[in-house]
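Coordinate-derived values only; no laboratory data. Keep in mind that what you see is a predicted model, and the values were worked out from it rather than measured. Quick reminder, even Gly has a Cβ in these numbers, built from the backbone with ideal geometry, and neighbours come from all protein chains shown.
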Amino acid sequence: MNTLELLDELQKKAMADEKIRKELLLTREQKDPLRAFCQKARALGYELYEMELVDAGENFYAEMKRSTNGGGENSPVLEGSDDFYELFFASIE
């Protein structure tokens with residue numbers, strides 16, 4: 001299962017279980033929220049690591065950028081579209 005599939009499954013689990021949703025939301029209050037989030041995901045059985053999450057967003061963004069006007073400097077800025085971590089939280093709030 002790739003990172004996006006893991007996040008999708010975790011999102012479904014969080015939406016179905018209020019306790020898990022709240023626990024995931026609380027990870028944002030930790031000193032290192034990304035690490036806390038990934039640790040919680042692993043505790044729930046989802047092998048998710050910080051760099052995999054960051055890399056997935058950056059790779060997705062790079063693919064989108066390359067597909068627009070050949071990926072040159074005239075490609076539109078797609079701000080925020082590479083942050084699956086923030087998108088995850090936006091979907092469960």
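List Tyr49, Tyr85 from most exposed to least, where exposure is judged by having the fewest other Cβ atoms within 10 Å. Can you show the working numbers first?
On the way: Tyr49 15, Tyr85 19.
Least crowded to most crowded, the residues run Tyr49, Tyr85.
Can you figure out the FRET efficiency of Lys31 with Ala90, using R₀ = 35 Å and their beta-carbon distance, to the nearest 0.05?
Values: r = 22 Å, r/R0 = 0.63.
Efficiency for this residue pair is about 0.95.
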